[in-house]
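Only the coordinates and a few stated rules stand behind these numbers; no lab work does. The structure presented is a predicted model; accordingly, all values stated were derived computationally and were not measured. Glycine gets a Cβ as well: all are built from the backbone with ideal geometry, and neighbour counts include every protein chain shown.
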Amino acid sequence: MSGTRSDGELLRAIAADSDRHAFEELYRRYAPWLTARLRGRCADPAVVDDVVQETFLAIWRGKARYRHESATGDAAGWLWRIGSRRLVDALRGEGARGRLRQTLARLRHRDEASAEDRVLAGVEHGDLAGALVRLSPELRAVLQATVVDGLNTREAAVLLGIPPGTVKTRAMRARKQLREALA
């Protein structure tokens, strides 16, 4: 075999032939990178490890399809989108909701809440939550991709299927609307 296969070749081999060697090579190539990147978003190594495994399992089982023919098709960005979405789903699970309820309960029983607890309570029950809900779905999607999921403009553009310039414009509009709503 002449050298290593490209990401696209590996992904096509996995999708077309369930090529275990291609899958193992893709995993070796990207699992450490994805793990490190997700650990920047989540301090719980067990959650990160689960998300990495779920990401690669989705690829192996064919639930995630890579479109190499896309002009913006980038395997790393594609893997990051899958992994970051799965991380968000994991953090939105009952564990995260339970921690939020515990924090809010502590706030109610404390004489003086810390600044962090006041911000958390404000996000849950304050103007920011309402301002976010009032944004159009397109603007919320850009904020979700760039702020919550931590994607850069190019990655968000691929995820949302829009040009990078549109991502920038929508992000700017969303920030402006939020500033006006919170002023």
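Laid out as a table, the results:
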item	result
Sorted by Cβ density within 10 Å, fewest first, the residues LEU160, LEU128, LEU79, LEU57	LEU57, LEU128, LEU160, LEU79
Ascending count of other beta-carbon atoms within 10 Å, so fewest first, for TRP78, TRP33	TRP33, TRP78
Charge context of THR146, other residues only, Cβ under 10 angstrom, K/R +1, D/E -1	0
Fewest-first sequence of VAL147, VAL88 by Cβ atoms within 10 Å of each Cβ	VAL147, VAL88
